[in-house]
Amino acid sequence: DQQVKQNSPSLSVQEGRISILNCDYTNSMFDYFLWYKKYPAEGPTFLISISSIKDKNEDGRFTVFLNKSAKHLSLHIVPSQPGDSAVYFCAASENRNAGNMLTFGGGTRLMVKP
Amino acid sequence: DVKVTQSSRYLVKRTGEKVFLECVQDMDHENMFWYRQDPGLGLRLIYFSYDVKMKEKGDIPEGYSVSREKKERFSLILESASTNQTSMYLCASSIAGGRTDTQYFGPGTRLTVL
């Protein structure tokens, strides 16, 4: 059973508009969340993260929101640019072992149209 | 910048062959990981290692083994490749300790088993 879910496999947005990518989790022990971005034929690259002690973290055009009671996080990209077109993965971890393993969602493919 | 390299970008093997996938990182990271990425399933952890000669099973270890003889190198071995192991394989590394859970990924190896 997937502990981290991204229910939208794809999202299409016009350039300049807001992109909102959503992620739900079931494991209440998760206390750190990350978003990764992946271009074709490349490995995922870290984008932004948030600790469970916060409900918002912002980095330039990217903002991640965390709603712990709903076990839901979202990534907002404003304004969206064609170069943002990629697959976005959310990931979660719990502080339980030396490896700090990440559990990933299935990914959402974002297409930003010029 | 952290650099994670993988020995091959594309690999084609036949059913029953023994396959070695190599990963090298240059940032003295303690933790190293092997994932496979399949459409809709995201990244699933196969094995990880938090120290030389140490390994732990991830979510889908069946049919795989790993080797970590040196800190910078983590190998994934398919003892007898099967068609259901056709996938994108991603290696990652991270620092141990604290809550720096960010993992840095290599470019991936697209393995096709015929």
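Among what's in the range B:1-43 and is away from chain A (no Cβ under 14 Å) and among the β-branched types (Val, Ile, Thr), pick the residue that is farthest from the chain's Cα centre (by Cα).
Step by step, filter the range B:1-43, then rank; the result is B:Thr15.
Identify all residues within the range A:53-101 that are closer than 30 Å to B:Tyr47 by Cβ, at pLDDT below 95 and open to solvent by 50 Å² or more (accessible area, probe 1.4 Å); write none if there are none.
Across the range A:53-101, the qualifying residues are A:Asn95, A:Arg96, A:Ala98.
When you scan the range A:40-114 for strands (runs of 3 or more DSSP E) that lie fully inside it, which ones turn up with 2 or more residues that are in contact (Cβ under 8 Å) with a residue 40 or more places away in the chain and more than 14 Å from every other protein chain (Cβ to nearest Cβ)? Write out each step before concluding.
Working: elements: A:45-51, A:56-59, A:62-67, A:72-77, A:86-93, A:108-113.
So the answer is A:72-77, A:108-113.
Quick one: count up the residues across the range A:10-37 that are modelled with pLDDT under 95 and within 14 Å of chain B (Cβ to nearest Cβ). Even if it seems obvious, please write down each step before you answer.
As a first pass, look at the range A:10-37 and keep what is modelled with pLDDT under 95: A:27-34.
This time we only want the ones that are within 14 Å of chain B (Cβ to nearest Cβ), so: A:27, A:29-34.
Residues flagged as modelled with pLDDT under 95 and within 14 Å of chain B (Cβ to nearest Cβ) within the range A:10-37 amount to 7.
Kindly provide the set of residues from the range B:12-51 that are open to solvent by 30 Å² or more (accessible area, probe 1.4 Å), in a strand (DSSP E or B) and not polar (S, T, N, Q), ordered by number.
Once the filter is applied, which keeps residues that are open to solvent by 30 Å² or more (accessible area, probe 1.4 Å), in a strand (DSSP E or B) and not polar (S, T, N, Q), the range B:12-51 yields B:Val12, B:Lys13, B:Phe20, B:Glu22, B:Val24, B:Arg44.
Among the listed residues B:Met54, B:Met88, identify the single one that is more than 16 Å from B:Gln25 (Cα to Cα), within 13 Å of another protein chain (Cβ to nearest Cβ), among the hydrophobic types (A, V, I, L, M, F, W, C) and not in a strand (DSSP E or B). I'd like the intermediate steps shown before the answer.
Numbers: B:Met88 fails: not in a strand (DSSP E or B).
Just one listed residue meets the conditions, B:Met54.
Testing B:Ser87 on (1) in contact (Cβ under 8 Å) with a residue 60 or more places away in the chain; (2) within 27 Å of A:Leu47 (Cα to Cα); (3) surrounded by 16 or more Cβ atoms within 10 Å (Cβ to Cβ), one condition comes back false. Which one is that?
The failed condition is (1).
Hey, does the range B:93-112 have a residue that's open to solvent by 30 Å² or more (accessible area, probe 1.4 Å), of a type in the set (D, E, K, R) and within 14 Å of chain A (Cβ to nearest Cβ)? Spell out the reasoning first.
Our first condition is that a residue be open to solvent by 30 Å² or more (accessible area, probe 1.4 Å); within the range B:93-112, this holds for B:95-100, B:104, B:107, B:110, B:112.
When the remaining residues are screened for being of a type in the set (D, E, K, R), the result is B:99, B:110.
Checking the rest, the ones that are also within 14 Å of chain A (Cβ to nearest Cβ) come to B:99, B:110.
Taking every residue of the range B:93-112 in turn, at least one turns out to be open to solvent by 30 Å² or more (accessible area, probe 1.4 Å), of a type in the set (D, E, K, R) and within 14 Å of chain A (Cβ to nearest Cβ).
The values are calculated or read from the model by the stated rules, or taken from the named source; none is laboratory data. Keep in mind it's a predicted model, so treat the numbers as computed, not measured. No Cβ is skipped: glycine too gets one built from the backbone with ideal geometry, and neighbour counts run over all protein chains shown. Quick note on the areas: whole protein, heavy atoms, side chains included, nothing else; ligands and nucleic acids left out. Shrake-Rupley method; radii C 1.70, N 1.55, O 1.52, S 1.80 Å.
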